[in-house]
Every structure is written in structure tokens, then in C-alpha cells.
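Below is one structure; the comments refer to it alone.
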Amino acid sequence: MSEIQPLALSGLSKAFGGLHAVAGVDLSVRPGERRAIIGPNGAGKTTLFNLISGDLMPSGGRIVLFGHDVTRLPSFRRAALGLARTFQITTLFPSLSVLENMLLAAQALERTKLMFHRPLGSYGHLYARARAVLESVDLAGKEGETAKNLSHGEQRQLEVALALAGRPRLLLLDEPTAGLSPAESQMMAALLRTLDPAITILIIEHDMDVAFGLADHVMVLHNGRVIADGSPEAVKADPLVAEIYLGTD
Amino acid sequence: MPGAARRGGWVVAGLGTAAVLLAAAPLFLSSYPLTLLTQALIYAIFAMSLDILLGYTGLPSLGHAAYFGVGAYAVAILATEFRAGFWTCLVAAVAAAILAGALFGPLAIRAVGTYFLMITLALGMLVWGLAFRWVSVTKGDNGISGLERPTLGPWSFADPTAFYFLSLVTFVVSAACLVVVVRSPFGMSLMGIRESEARMRSLGYNVWLHKYLAFMLAAAFAGVAGFLWAYYNGFVSPVEVQLVTSVEALLMVALGGSGTLVGPALGAGLIVFLKNFVSVYTKRWLLILGGVYICVILFAPGGIIGALKRRPR
């Protein structure tokens, strides 16, 4: 794999009026790294993801993705560089079938997505790709189902599958276990552990078992700032983290 | 999936029967119903073009009559002032409609939902204002009259039956083109935009570009309908671009079932016949139109096609 740094943030900030949701975050991610981002509600985790993905434009700072300065680029251009994300609030194509959901994801980075005179059905490699990813997230038997009729757990699996269909090099997972039962969370964690080790992953996660089980690196965000950054053990031992996040309930 | 196969069989049988009936219609219909059927076919093209925006892309345009009217005016002006022939008028009508779409699209697709509705309404009114006030070109309120039915090589479309067949062929070709588009990768991307713009963007789609292309595609086929309408009516006036025309098109799509193409075509037929039938008895057509609209929203939000699809389950 290339040794290009997948992601580097410097002084990244986002203010909503007087609220500094993300306040000067510096971050440097190594290729193949699995980094968990944790922090209390309102810490700015999802805002940070939205800045990286291009769903929000930053108030200040820089975002460098695979060596390209993407600070002002729209999200679809960032996706073309190899970035994919999932959403905390399930964001599928609800009234389309599971297979159609996957086909939309599989063709997203292909030139053929603007073809208007050939039936979609004639692109066999898209179907193969869509079905292979469905297989990998245990949804192979559900391809004819309408997405909104899936169970919540299956919808979360499809959410991840959509992000994987474009063969991303950097994957942002925003609380993949949100709303899942403990058993379903375990399944999701197992699924995430099977992902290609070459994919660099940032994961926001409230379930500490999932976060610490997957990540080799943990970053703690509080009030938009990074307050701890290191191995899971180091972060667990950090007294400041224990005070504001892990210990108090 | 035997259910789907059986339904597919019904669809093929239904379309086949419809095709035979439409082709044979001049044999058993007298001239007035045939005229209405011609009108229905023209409006069907118009409604299907709106379905690309409303049903497939999820963009509720309240100014779609603008492109229909621009096409119709292009034909009226060229045919009366310059004695332009069939092909010149067809190309000009479609080109003028696409141009209008290309100009208005960037303004409209900045907005979503209700705001899209309002901007398209405003742009539609702008075209209506031009038709009404730009008297030197459009003859204002008087409209442009004296349009004669076109000829094409050895064929003359002056005869109602001949014009009916011209409309039928244009309808079939337009419908075929639109069906091909909605089944293509591009068509699938439009449905993705309808379902979730945020997801489309993060997957890597340039949503703006896809919406813009959809806007021009819809304008182009509205222009085709306007082209036929100008010849059919023999007279083009600001009525063609007024708000009621846009609203009627929306109702045709909603009544038939948006996002299905065949539904809006069916809806167009029903509205045309209802309108002409009702106007024999009362002048309050708009009241009836509103009533039908409310009933569709309350009792059949998926339109006729939606109701048919639900039945077999």
C-alpha cells in the first residue's frame, strides 16, 4: 500500500454562532490505523466527521486527505479520493430495495453513473460488487427487501455496506452500533473486525467494548478539543479522561 | 418471485391492450373524442416530463408550464412569422425549452422542498409575464393565432386523424426515451437523490449536476409537448404558461402515481377528459380540480398506480 498519509488536520475549527463545536483540532492519521474517537455527548465528534467528509465547511484550519488539501472541496470530490462515511442517524435510500441501495453505492465512483441510454441491468460488474459487499455484511439474503422494511440492526449493516461499496481507503464510522442491542453490537463489532486491514478507519463509538476492541489508538474529544490521544491503555489510565468521561456517570 | 412475475405479466398485457386500442382508436371514435384523445396524449408527454422531476428526482416544480409554453411559443412565432417547417419548429421548440431550463435550473436547484416549489413558481410567473407583456414578440394577451397544422414530406397533418397519429407516435417515442433514461444508471441516480441527497453526496455523486441534467431533460420533453400543443390548438397565448397549467400537470402526476411514468400518462388522460366533461356543465373547473387534488392526497397518496400496486399483496 501507499505510504501517503490518509488524513491530516491542522487547527480545524467549526463555530456555530458563539458555540465552538470543534476548536482547533490537530490530527495525523497513519495508513492502516484504527482510531476511535470518544467523548461525551456534544463533544463535537460528529461535527468533526462532518468537517472531514465535507458535509460542513470549517470556520478555520486545514484538512489534507491523501496529500490533497480538501479544506474547501465538496464532499463528492473527497469521496473520489477514497473517503467514505456512515451516518449516526441511518441514512439509506428507504424506498429502494437493498440491492438498488448497493448499486447506487457501487456505481458512485464509476464514470458510467451518467450513462442514460443503457440499462443499469447491463452493468454486471456493479451487480457482482454490490452482492459481494452484501455477502460480507451478512445481508446476502435480503437483496430484494425494501430498505425501510429491514430491522434496525440490518439497516445499520446496510449503512456500513453502502460505505464499503466504493472500496474506500479511509472510512469514517459514526457510531455504527447506535440503537443496537448488546447482542447486535457484538455482531457489528465482529463485522468491523473483518474489514480489510489496509482501510484506515476512524470510528466514533459510545460502546467502549466496541471502541477499545477495534482501535489501536484512541482520541478523546471534549468541548471541541482533543484532551487525550494515545493507546487504549494510556487513555484509560488518563486521570482527566476518567474524570470527565469514563468514570463519572 | 411469482407475484412479481405475474404482476409483470399484467403490466405487459395492460400496455399491449392500451397500444392496440390507441392505434385503432380512429376506427371507432368520432372526431370529438379523437380530438380529446389527441389532447390527452400531448398532456401525457407533458406530465411524464414533470414526473422526471417530481417522481424520480423528488423536485416538485410548480412552474413546469414555462417550458411547455416556451416550446409552444417557439413554434407559433417561427411558423407564423417565418413559415418554418416541421423539423425546424420541433428542433427550435426543444432547444428553446432546454435553454430556458438551462437558465432557470441553477436558480431553482439551489433550493429544496417548499423553497424549490416557490422558486419554480416565481420563474413560471416570469415566463407568463414575458408572454403577457412582451407584446412585440408574443402579441401579449391576444396570443398568436393562425397556426396551420404542419406537413412532413408527403404527409399532411391537417386532418384530425393524421394529427392524432402524429401525437401518438410522438408520445410513444417520448415515453420510450424516458423509460430508457429512468432504467439507466443516471435514472437510478435520480431516484437516489429523491431518497437521500446527503447519502448521494457522501457516496461521491455531484448531486447538483445530476439535478441540473434532470431539469433540462424534463424541460426538453415539456418542449416536445408544447410543440404538439401549438399545432393542435392553432393558437398560443399566455394561458399556456399560466400557473393553472403547471398545477394541472402536477395533479396529473399525483393522480396517476408519481415516479412511474405510466401513471402520469394515465393521469393526464383522466384530467383531460374530466376537464372537458365538466366544462360542459359548469365553469367552475378549478373548484373541481382542487377537489380532485384533495381526494388524491387524502385517499390515494400513491395515485392510481400506487393503489393498484398495493392491491395484490
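The values are calculated or read from the model by the stated rules, or taken from the named source; none is laboratory data. Model, not experiment: these values are computed from the prediction. Here Cβ is always computed from backbone atoms with ideal geometry, including for glycine, and neighbour counts include all displayed protein chains.
If only residues of segment A:115-128 that are out of contact with any Leu (no Cβ under 8 Å at 6 or more places or on another chain) and not in a loop (DSSP other than H, G, I, E, B) are counted, the one that is nearest to the other protein chains (Cβ to nearest Cβ) is A:Gly121. Taken as a whole, the structure places A:Leu192 among residues that are touching a helix residue (DSSP H, G or I) at 6+ places or on another chain (Cβ under 7 Å), within 25 Å of A:Gln5 (Cβ to Cβ) and not hydroxyl-bearing (Ser, Thr, Tyr). Tell me yes or no: at least one residue of segment A:143-163 is surrounded by fewer than 17 Cβ atoms within 10 Å (Cβ to Cβ), of a type in the set (A, V, I, L, M) and either part of a helix (DSSP H, G or I) or not assigned by TED's automatic domain parsing to the domain that holds A:Leu19 (or both). Within segment A:143-163 (the criterion being surrounded by fewer than 17 Cβ atoms within 10 Å (Cβ to Cβ), of a type in the set (A, V, I, L, M) and either part of a helix (DSSP H, G or I) or not assigned by TED's automatic domain parsing to the domain that holds A:Leu19 (or both)), the answer is no, since none of the residues qualifies. Screening B:Ala214 with (1) modelled with pLDDT under 95; (2) buried (at least 18 other Cβ atoms within 10 Å of the Cβ) gives one miss only, at (1). Pick from segment B:167-211 the residues that are among the basic types (Lys, Arg) and more than 8 Å from chain A (Cβ to nearest Cβ): which of them is surrounded by the fewest Cβ atoms within 10 Å (Cβ to Cβ)? For segment B:167-211, the residue satisfying everything is B:Arg194. The condition of being more than 14 Å from every other protein chain (Cβ to nearest Cβ) and crowded, with 22+ Cβ neighbours inside 10 Å holds for only one of A:Pro176, A:Pro197, that being A:Pro176. Filtering segment A:32-88 down to residues that are within 26 Å of A:Arg111 (Cα to Cα) and hydroxyl-bearing (Ser, Thr, Tyr), which residue is nearest to the chain's Cα centre (by Cα)? Here the residue is A:Thr86. Flag set for A:Ser28, criterion: among the polar types (S, T, N, Q), part of a strand (DSSP E or B) and within 19 Å of A:Asp174 (Cα to Cα). Just so you know, in segment B:296-307 the residues that are touching a helix residue (DSSP H, G or I) at 6+ places or on another chain (Cβ under 9 Å) and part of a helix (DSSP H, G or I) include one that is surrounded by the fewest Cβ atoms within 10 Å (Cβ to Cβ), and it is B:Phe299.
For (1) under 17 Å from the mean Cα position of the chain (by Cα); (2) at pLDDT 95 or above; (3) buried (at least 20 other Cβ atoms within 10 Å of the Cβ), each residue gets a yes or a no:
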position: B:Val94; (1), (2), (3): yes, yes, yes
position: B:Ile109; (1), (2), (3): no, no, yes
position: B:Leu123; (1), (2), (3): no, no, yes
position: B:Gly129; (1), (2), (3): no, no, no
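Screening the candidates A:Leu202, A:Leu191, A:Leu195, A:Leu180 for the property of being under 22 Å from A:Gly32 (Cβ atoms) and either over 15 Å from the mean Cα position of the chain (by Cα) or in a loop (DSSP other than H, G, I, E, B) (or both) yields one hit, A:Leu195.
The set of residues in segment A:58-80 that are out of contact with any strand residue (DSSP E or B) (no Cβ under 8 Å at 6 or more places or on another chain) and either loosely packed, with under 15 Cβ neighbours inside 10 Å or of a type in the set (A, V, I, L, M, F, W, C) (or both) comprises A:Gly67, A:His68, A:Arg72, A:Leu73, A:Phe76, A:Ala79, A:Ala80. For segment A:148-158, indicate whether the set of residues that are among the hydroxyl-bearing types (Ser, Thr, Tyr) and either closer than 19 Å to A:Thr86 by Cα or away from every other protein chain (no Cβ under 12 Å) (or both) is non-empty. Yes, because at least one residue in segment A:148-158 is among the hydroxyl-bearing types (Ser, Thr, Tyr) and either closer than 19 Å to A:Thr86 by Cα or away from every other protein chain (no Cβ under 12 Å) (or both). Could you list, in sequence order, all residues of segment A:82-106 that are in a loop (DSSP other than H, G, I, E, B) and under 17 Å from A:Glu145 (Cβ atoms)? Within segment A:82-106, A:Thr90, A:Leu92, A:Phe93, A:Pro94, A:Ser95, A:Leu96 qualify. A:Phe66 meets all of the listed conditions (1) at negative phi; (2) more than 10 Å from chain B (Cβ to nearest Cβ) but one, namely (1). In segment A:87-114, the residue that is farthest from A:Val25 (Cα to Cα) out of those that are more than 9 Å from chain B (Cβ to nearest Cβ) and not aliphatic (A, V, I, L, M) is A:Ser97. When segment A:64-80 is limited to residues that are in a strand (DSSP E or B) and without any contact (Cβ under 8 Å) to a residue 24 or more places away in the chain, the one that is farthest from A:Pro31 (Cα to Cα) turns out to be A:Asp69.
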